[in-house]
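Notes to accompany the following structure.
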């Protein structure tokens, strides 16, 4: 039978240390309580299997952490149970029993075991960092220290709900243009690989002279048929290149500045980061976390190198006795970054480089076009790089109306681009058809 070491208090408040044999840790605790003792700490003796604890509950295999929605639901439910006056361990066991197999359920099993062994809630959660991050643990710790765990859990639940809502809005704002672009690319690839070759055969049978526009369209189709395998490889190579660049400190800063300085999308990224960081800091300070610790946690959870730098500088300034406003104003203006300039130049160089995919003989013109567009892109960045990434401190969320406004700017550009592509394909195919029809009817129509 397993043996458990325990520490307890007798009715007079004297500390007792002893060992007890029981089948499970729950049974050991029940036996100790029946003796009139209050258990403060209990653990299996060395050599005993942890599986004997808590009725032999087993964890399932799970990768990564718990999802954002699951954490929102868990925090809200825990807050409600605490408001109802249930003991924290009882509340956690209820939520553990209700949780589906996965990372969250495994984490709750570990947390309950740690609490039964005498650890506090924050200490137990700190041992499962994949599910309970530093922000979560520190807010719980502040609630325990101030005796207001119920209030902190309620604030944490509200904070998680607002954060998840913001994330959903940002993702929702990006889904529409991304899906339209992907759908358009799929249609164009289908047309180039399966439709255009059939028209080409028809044009060759009639032996008519094709206009330059049609010849270009057929050349693009030929390349798509022969080099179709490049379509998945090119975006994959770009993603791997960006991931490699982000492995370096300077590269990560350059990439994140590029995202912040992009037209339209840059503002969306800036406001999303600003909303997340200010809410995080506000929630931590309101919960009683010291300002230095709060700034450090906010920096680590910002997810953007530029915002990490700003909060790091603010932390250093506060240690030296300064206020938040002065370093925020000073360091929110980024300096010129060569990696960011490279990404801007590369973005506008891609369209002319795509011409080499069709006509290698045009390399001379492509080179000049790449140089001209690169200069224009770097010039745009040079004119905008000094703009602060924190223009308004009092930005607490991305409004639906503001997001819709950004989408109204993107949609006309997408419609114009798609209209231009469709017009090019239709004109390229119908001009030779007009010539063919004219020849069949005895007319003199020529293109």
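The values are calculated or read from the model by the stated rules, or taken from the named source; none is laboratory data. As the structure is a prediction and not an experimental result, all values here were calculated from the model. Positions of Cβ are generated from backbone atoms using ideal geometry, with glycine treated the same way; all protein chains shown enter the neighbour counts.
Laid out as a table, the results:
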| read-out | value |
| --- | --- |
| Flag if residue 345 is part of a helix (DSSP H, G or I) and under 27 Å from the mean Cα position of the chain (by Cα) | yes |
| Test result for residue 279, touching a residue at least 60 places away in the same chain (Cβ under 8 Å) and closer than 20 Å to residue 159 by Cα | yes |
| Residue 138 in contact (Cβ under 8 Å) with a residue 24 or more places away in the chain, out of contact with any helix residue (DSSP H, G or I) (no Cβ under 8 Å at 6 or more places or on another chain), buried (at least 19 other Cβ atoms within 10 Å of the Cβ) and in a helix (DSSP H, G or I) | no |
| Residue check for residue 242: touching a helix residue (DSSP H, G or I) at 6+ places or on another chain (Cβ under 7 Å) and within 19 Å of residue 389 (Cα to Cα) | no |
| Residue check, residue 96 part of a helix (DSSP H, G or I), more than 21 Å from residue 294 (Cβ to Cβ) and out of contact with any helix residue (DSSP H, G or I) (no Cβ under 8 Å at 6 or more places or on another chain) | no |
| Elements of type helices (runs of 4 or more DSSP H) in the range 214-298, at least 3 residues being closer than 25 Å to residue 352 by Cα | 230-245, 249-261 |
| So residue 20, is it modelled with pLDDT of 80 or more and over 30 Å from residue 163 (Cα atoms) | yes |
| Single condition residue 205 does not satisfy, out of (1) at pLDDT below 85; (2) exposed (fewer than 12 other Cβ atoms within 10 Å of the Cβ); (3) under 25 Å from the mean Cα position of the chain (by Cα) | (3) |
| Candidates 232, 290 - the one that is free of Cβ contacts under 8 Å to residues at least 60 places away in the same chain and within 27 Å of residue 342 (Cβ to Cβ) | 232 |
| Of residues in the range 318-335 being touching a helix residue (DSSP H, G or I) at 6+ places or on another chain (Cβ under 7 Å) and in a loop (DSSP other than H, G, I, E, B), the one farthest from residue 281 (Cα to Cα) | 334 |
| Residue pairs meeting the criteria (Cβ under 8 Å; at least 6 apart or on separate chains; first closer than 16 Å to residue 129 by Cβ, in the range 58-75; second at pLDDT below 75 and outside any loop (DSSP other than H, G, I, E, B)) | none |
| Criterion violated by residue 190 - all others in (1) more than 16 Å from residue 422 (Cα to Cα); (2) exposed (fewer than 13 other Cβ atoms within 10 Å of the Cβ) satisfied | (1) |
| Residue that is assigned to a helix (DSSP H, G or I), in contact (Cβ under 8 Å) with a residue 40 or more places away in the chain and not assigned by TED's automatic domain parsing to the domain that holds residue 119, where the choices are 201, 169 | 169 |
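Matching residues to (1) surrounded by 12 or more Cβ atoms within 10 Å (Cβ to Cβ); (2) assigned to a helix (DSSP H, G or I); (3) touching a strand residue (DSSP E or B) at 6+ places or on another chain (Cβ under 7 Å); (4) modelled with pLDDT under 85:
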site: 362; (1), (2), (3), (4): yes, yes, no, yes
site: 365; (1), (2), (3), (4): yes, yes, no, yes
site: 390; (1), (2), (3), (4): yes, no, no, yes
site: 394; (1), (2), (3), (4): no, no, no, yes
site: 419; (1), (2), (3), (4): no, yes, no, yes
site: 443; (1), (2), (3), (4): no, no, no, yes
